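A.B. asks: I have a structure here, written as structure tokens, and I will follow up with some questions on it.
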Amino acid sequence: MVFLNLLENIRSKTDEILEAKKCEPVKFSVESAKPGFGDITCNVPFLLSKQLKKSPQEISVELSEMYNFDDMPQIKNVESHPSGYLNFSIDYTKFNDFVIRLSLQENYGALEFGNNEKIVVEHTSVNPNKALHVGHIRNIILGDVVSKILKKANYDVKILNYVDDSGLQVADIIVGFTELGFSQESPNNEKFDHYCGDTVYVKTTEKYEFDKELEGKRHEILKQIEDRSSEVSKIAQTITRKVLNEQLKTVWNLGVFYDCLNFESQIIHSKLWETIFEKLKSDNQIKYEDKGDNAGCWVIPADGEDDKILVRSNGVATYIAKDIPYAAWKLGLVEDPFYYKIHSTQKNSQTLYETTLEGDNKLNFSGSKVITVIDNRQIRLQKIVSGLMAKFKEEGAYTHLGYESVTLSADTVKSLGLSVDGESAQMSGRKGLYVNADTVLETLTKRVYDESKSRNENLSESELQNIANIVAVGTIRYEMIKPDLDKIITFDLKNSLRLEGDTCSYIQYSYARASRILEKTDVKPNFDSGFELLSSEYEKNLIKKIGMFDVHVNDSVNNLSPKVIAKYSYELAVTFSSFYEHVKVLASETTELLNARLCLVVSFQKTLKTSLGLLGIDAPERM
RNA sequence: GGACCCGUAGCUCAGCCUGGAUAGAGCGGGUGGCUUCGGACCACCAGGCCAUGGGUUCGAAUCCCAUCGGGCCCUCCA
């Protein structure tokens, strides 16, 4: 810990001073200061004003004289600002060494939050009847980045993907195959998931409009899918597996990997529901209605809102009856009915497991905490589930990480040959109103490839491909992580191709520039020397920014907020770019200064790489 | 009818959780900077009653309430 340490030490010093002054305890803040107000700032004088019956200014002056930094050489002094704040200044002749040395460590920025506690992150969870589109990408990237951040905070993270292979959406494409005679092989080597989503699904659901008999078939088909011995069920198995495998390829291309796949069909067959249903009954969490609108149903009582029906009057469970046992399973509340087998080896060579009902291999993918990443349209359902889970385990063990959806801009809708009223449109699989993830990645990769080629004459084909891939993936990830979870992303194909300004490629470019500096000199950075020579504003700003990495990791873990790391990465890159422009490293006057600056450049690179790594973004040496 | 989310510069957004000093970025507009560690850049200018109205507070973009705009959810569908 670097900057966090300073903040905590100042906080405890302040606490001691308050105790010595016999003040009532107050909840004050110690945080990084805005430029022009020292390096670290504390608002405690404001909060004591009433209690001590003095002005914040007076208190500030008084307190500022009571600090002693003998045991904190990184702090130069504290000043009372006329506004009332206490402003602390860093002694960079000491702080530099501290930051640069620590930033070289492998686990720089790592924090102790989790105690290696097991935590389950579930994300993706897409019906295996279509290709992934940009809306799914937000879910996948958020889930992936949250997992990485939790790992950084020392949680033992297990990543799950729930494969919803038995719903109506799957039934729809099976209707297409069995009733409308769509070929079970995709034409012209088209990616199979694209074929199912773009052609079979759209065409089949289109037909429902005119052919009500066909629409009736989907329920019949759905029933047959759930009967594992039926011919239709076997076809559905084959088809959904094929689609899933294509979806996984897309996901792997984005650098996302899982530990285990859970199939909904197996959860249904596992009798988990029956177990949990009995448990709910015996714990009086649900009630049987014998009169009123819901007569004959089992319902979950919800205060304020309508009760949620769990089992219909005909005895058939509703869809929420799939989510509840799954949630309980993830939390390890029920005996695990599954065995595990290897599904595949992922692109990063990590083994991917899947659940199975036969076999003898037992593994454990449950956690004492669970985070489920699903968009906010499901917030009502998720509230019910987490409410129920809180009855079985402590409050907060089951967390729904929600976010707003991705819509398409009017221009992008137009480019799909469709029209829309207004500025943007919700995506719709049925209407063919979506942009596939593969398409976005391909378009972006091509754009970056061209850009990079025009800037570099002497790069080989494979180097160009590699750069294009790294920058394209980074760009998609960055755009999905950067906005607040509560903000709707309006996806615009053209806009997403931007490579200037606050974009991933800007950040990556700063890394590539740093690489070039190191490449152009024969001097090997020697970290045994002191770094007090780094004293210009640009150098100090960069060191401070590097040192503040842990503050942002801390913030992002505490709030489950991936965007904090995106913002930090950008700020770090901006600070370096300014340094780069104003401090000519290779033109340093003395060898000592040159060495110190080279070390700073290395320190920056390592930190940026680690920070981008949390976002699942690679840093290229050249681009 | 009920629940949740959003509203900050021409546009896209950060800051809001945890109230405090001068409300920050990017794009777009206007200047300036390559005898260059790579211009996917840097430096600067213009552009804001932080949706509106109340309240709490010594102090509100930030907390509370109401209103207005926009979105989204609420079926014995999945």
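A.B. asks: How many nm is it between the label spots at A:N188 and A:D411, if each spot is 7 Å from the Cα in line with the beta carbon?
C.D. replies: 2.7
A.B. asks: May I ask you to list the aspartates and glutamates whose Cα is less than 20 Å away from that of A:K584, ignoring any residue fewer than eight positions away on the same chain?
C.D. replies: The reachable aspartates and glutamates, counting only those whose Cα sits under 20 Å from A:K584, are A:E519, A:D522, A:E532, A:E537, A:E539, A:E592, A:E621.
A.B. asks: Moving on to the next point. Note down the magnitude of the dipole of the range A:52-122 about its Cα centre, charges +1 on Lys and Arg C-beta and -1 on Asp and Glu C-beta and zero elsewhere, to the nearest 20 debye.
C.D. replies: 160
A.B. asks: Can you sort A:C599, A:C504 so the residue with the fewest Cβ neighbours within 10 Å comes first?
C.D. replies: A:C599, A:C504
A.B. asks: Angle check, please: helix A:3-20 long axis (alpha carbons) against the longest principal axis of chain A (alpha carbons), in degrees 0 to 90, nearest 10.
C.D. replies: The helix A:3-20 is inclined about 70 degrees to chain A.
A.B. asks: If one takes the longest principal axis of the Cα atoms in chain A, at what angle in degrees, from 0 to 90 and to the nearest 10, does the Cα axis of helix A:168-178 lie?
C.D. replies: 50
A.B. asks: Find out how many positive minus negative residues lie around A:V299, taking Lys and Arg as positive, Asp and Glu as negative, among other residues whose Cβ is under 11 Å from that of A:V299.
C.D. replies: Overall, the nearby charge balance is -1.
A.B. asks: Now for a separate question. May I ask you to derive the FRET efficiency for A:Q237 and A:E404 from their Cβ-Cβ distance with R0 = 30 Å, giving the value to the nearest 0.05?
C.D. replies: So the FRET efficiency works out to roughly 0.30.
A.B. asks: Moving to a separate point now. Could you check the simple spin-label distance between A:A295 and A:E16, using points 7 Å along Cα→Cβ, in nm with one decimal?
C.D. replies: Calculated label separation equals 7.5 nm.
A.B. asks: Right, here's the next one. So, in the range A:3-90, how many Lys pairs have Cα atoms under 17 Å apart, if the pair is 8 or more places apart or on different chains?
C.D. replies: Lysine pairs meeting the criterion: 11.
A.B. asks: Cβ neighbours within 10 Å, averaged per peptide: list A:220-229, A:509-518 in order, most packed at the top.
C.D. replies: A:509-518, A:220-229
A.B. asks: Right, here's the next one. What order, most packed first, do the peptides A:373-384, A:610-621 have when packing is the mean number of other Cβ atoms within 10 Å of each residue?
C.D. replies: Put in order of decreasing packing, that is A:610-621, A:373-384.
A.B. asks: Next up: Order by neighbour count: A:W252, A:W329, fewest other Cβ atoms within 10 Å first, most last.
C.D. replies: Ascending Cβ contact count within 10 Å gives the list A:W252, A:W329.
A.B. asks: Straight-line reach from A:K212: which aspartates and glutamates have a Cα under 16 Å away, not including same-chain ones fewer than 8 places off?
C.D. replies: Straight-distance partners of A:K212: A:D172, A:E179, A:E220.
A.B. asks: Same structure again: Report, ordered by chain and residue number, the aspartates and glutamates lying within cross-link reach of A:K158, taken as a straight Cα distance under 17 Å and ignoring same-chain residues fewer than 8 apart.
C.D. replies: Correct list for A:K158: A:E117, A:E122, A:D144, A:D259, A:D336, A:E354.
A.B. asks: Another question about this same structure. Using only helices, what value at 222 nm comes out for chain A when you add -39,500 (n - 2.57) per DSSP H run of length 4 or more and divide by the total residues, to the nearest 500 deg cm²/dmol?
C.D. replies: Taking each H run of at least 4 residues, the total per residue is -15000 deg cm²/dmol.
A.B. asks: I need two numbers for chain A: Rg to one decimal and Dmax as a whole number, Cα atoms only, in Å.
C.D. replies: Rg, Dmax (Cα atoms, Å): 28.5, 89.
A.B. asks: Return a single number: how many Lys pairs in the range A:409-497, at a sequence separation of 8 or more or on separate chains, have alpha-carbon atoms below 19 angstrom apart.
C.D. replies: 4
A.B. asks: Do the alpha carbons of any pairs in A:K281/A:K322; A:K130/A:K287; A:K148/A:K545; A:K369/A:K544 sit beyond 27 Å of each other, and which pairs?
C.D. replies: As for pairs spanning more than 27 Å Cα to Cα, those are A:K130/A:K287; A:K369/A:K544.
A.B. asks: Moving on. List the trypsin sites (Lys or Arg not before Pro) within the range A:1-88 that DSSP assigns to loop and that have no more than 16 neighbouring Cβ atoms inside 10 Å.
C.D. replies: Qualifying residues, ordered by number: A:K21, A:K22, A:K27, A:K53, A:K54.
A.B. asks: Turning to a different aspect of this structure: Spin-label point model (7 Å from Cα, Cβ direction): what's the A:K287 to A:L381 distance in nm?
C.D. replies: So the two model labels end up 2.5 nm from each other.
A.B. asks: To the nearest 20 debye, what is the magnitude of the charge dipole of chain A about its Cα centre, counting +1 on the Cβ of each Lys and Arg and -1 on the Cβ of each Asp and Glu?
C.D. replies: Here chain A has a charge dipole of around 180 debye.
A.B. asks: In chain A, with Lys and Arg counted as +1 and Asp and Glu as -1 at Cβ, which of these residues, A:A236, A:I159, A:V551, has the Cα nearest the positive end of the dipole, that is, farthest along it?
C.D. replies: In chain A, that residue is A:V551.
A.B. asks: To the nearest whole percent, what portion of all C-alpha pairs in the range A:367-423 is separated by more than 17 angstrom?
C.D. replies: 53
A.B. asks: Rounded if a/c is under 1.5, else prolate if a/b beats b/c, else oblate: with a ≥ b ≥ c from the C-alpha gyration tensor eigenvalues square-rooted, which is the range A:269-422?
C.D. replies: Oblate shape, in that a/c is at least 1.5 and b/c is the bigger or equal ratio.
A.B. asks: Which residue, chosen from A:I40, A:I119, A:I371, occupies the Cα position most advanced towards the positive end of the dipole of chain A, where the dipole is computed from +1 (Lys, Arg) and -1 (Asp, Glu) charges on Cβ about the Cα centre?
C.D. replies: Of the options given, the answer is A:I40.
A.B. asks: Can you give the angle from 0 to 90° between the axis of helix A:272-282 and the longest principal axis of chain A, with both taken from C-alpha atoms, to the nearest 10?
C.D. replies: 80
Every read-out reported here was derived from the displayed coordinates using simple, explicitly stated rules and does not represent laboratory data. These figures come from a predicted structure and were not determined experimentally. Quick reminder, even Gly has a Cβ in these numbers, built from the backbone with ideal geometry, and neighbours come from all protein chains shown.
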